[in-house]
Structures are given as structure tokens and as C-alpha cells.
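Note sheet for the following structure.
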Amino acid sequence: MKIFTKTALLGIVIFLSWQALSQTPVAPQNSDKEREQLAETKRLFTENCIRCHGDDGRGKTTTGAMLDVPDFTDEKWWQADVTDERLAATIHNGKGGMPKFEKKLSDEQIASLIKYVRQFDKSTKESGSTKP
């Protein structure tokens, strides 16, 4: 009787494990379009922003130091009123030594760059908040 009970319990455990594994959601893969868009946004950032803001967003470049650009990884900078509208206006109209990109970049490209720059903000990852 003990062997039958152990075998039955083992069978139930195996069955439940199989059920749990078969129902585990698979993380969605980025679509080709999303990968292309990310590659395009990285290209835009490289062509237009890295010279001053650096590839890591810290602004630790020679030009960035001269223009006193913000450090996109600094939580204190993000605590200010950094809305998408404010970022878009800065990119569109320029600010301080930053040139205007109103004629060089489309609104869609600017929106993509804003999403890209927000990736440097580590404080939103912890709190789960976003600043539209």
C-alpha cells in the first residue's frame, strides 16, 4: 500500500508540474518593427545627441561639459518637472547651447528620442512611475 501511495503522489506531482510548465506565459519577443524602430532611434541619438550627452546619457563629454548638459542618469534631475512636453520643446526649439532640431527631426523621431532618453532614468524603474 505504501508503494502505491508513493507512486500515486509522485504521479500527481509530475502531472501538476507539467500543467504548471505548460501554462507558463512566454515573454513576448520584440517584433521586427520594434527592433527596427529601436535601431533607428539609437542611430538618431548617435547622430544628434551623443556628442554632448554621451552614449551613456551622463553628459561627460568635452562638448557636454562646455554646455553644462544634464546628466540623464541623475535622479535629482528627473525629479524636476521633466515631462514629455518639456523634453519635446527642448529638442524642438533648442535650449542654451543645444541647437534646434525642429527642421531636422520629425515629431515622431522626437517622441522616439524622448522614450530613449527616459531609459536613462533609473528612478522610474524602481517606483514604476512615468512622467508623460
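Output the residue which, of all residues in segment 103-123 that are modelled with pLDDT under 95 and part of a loop (DSSP other than H, G, I, E, B), is surrounded by the most Cβ atoms within 10 Å (Cβ to Cβ).
Filtering first and then ranking leaves ASP121.
Which pairs turn up if I take residues in segment 94-113 that are without any contact (Cβ under 8 Å) to a residue 24 or more places away in the chain and look for partners that are among the small types (Gly, Ala, Ser) and surrounded by 12 or more Cβ atoms within 10 Å (Cβ to Cβ) with beta carbon separation below 8 Å, at least 6 apart in sequence or on another chain?
Listed pairs, sorted by first residue: LYS100/GLY94; ASP107/ALA88; ILE110/ALA88.
Run PHE72 past the list (1) hydrophobic (A, V, I, L, M, F, W, C); (2) farther than 24 Å from LYS122 by Cα; (3) assigned to a loop (DSSP other than H, G, I, E, B) and report the number of the one that doesn't hold.
(2)
Each row is one residue, and each column tells you yes or no for (1) in a loop (DSSP other than H, G, I, E, B); (2) modelled with pLDDT under 95; (3) of a type in the set (D, E, K, R).
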{"site": "ASN30", "(1), (2), (3)": "yes, yes, no"}
{"site": "GLU36", "(1), (2), (3)": "no, yes, yes"}
{"site": "ARG51", "(1), (2), (3)": "no, no, yes"}
{"site": "GLY64", "(1), (2), (3)": "no, yes, no"}
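Looking only at segment 41-58, how many residues end up being closer than 15 Å to GLN119 by Cβ and either free of Cβ contacts under 8 Å to residues at least 60 places away in the same chain or not β-branched (Val, Ile, Thr) (or both)?
At the first step, the residues of segment 41-58 found to be closer than 15 Å to GLN119 by Cβ are 41-42, 44-46, 49-50, 53-58.
In the following step, the residues that additionally are either free of Cβ contacts under 8 Å to residues at least 60 places away in the same chain or not β-branched (Val, Ile, Thr) (or both) were identified as 42, 44-46, 49-50, 53-58.
Number satisfying all stated conditions: 12.
Filter segment 81-95 for residues that are out of contact with any Lys or Arg (no Cβ under 9 Å at 6 or more places or on another chain) and not in a helix (DSSP H, G or I) and give the result.
LYS95
The values are calculated or read from the model by the stated rules, or taken from the named source; none is laboratory data. This one's a predicted model, so the numbers in the text were calculated from it and none came from an experiment. Neighbour counts run over all protein chains shown; Cβ positions are idealised from the backbone, glycine included.
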